[in-house]
Amino acid sequence: MLEIVVNGLDRTAVATALAAGIEAACVPGVVEISAGNYGGKLGKHLFRLRELVGATSTAGQGQGQGQGTGGGGDSGGGDSSGSGASS
């Protein structure tokens, strides 16, 4: 298991980094890609992982690969909250 924290200057930068990370992580042997939401305590932005990779992506289409929410292994939501630059 790996935990990766993504910080960025704005929402677009974080979304781009998350999408690239998800794409890179979708290799044989990866069972789940998930993200913690923490009730928005990490920042004002909410990223839906499935939307980041888009319908034309190969991410999550392999056997056993999916996206879920953090904490408990629920594979339904796939949301991540995060912050951009501090104001």
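What follows draws every value from the coordinates through simple rules; no lab data is involved. Just so it is clear, the structure is predicted and the values come from calculations on it, not from any experiment.
Quick look at the values:
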read-out	value
Gain upon complete extension [Leu9, Glu51; 0.36 nm per residue less C-alpha separation]	13.1 nm
Other-chain or far-sequence residues with amide H under 5 Å of Gly36's (modelled H)	Gly70
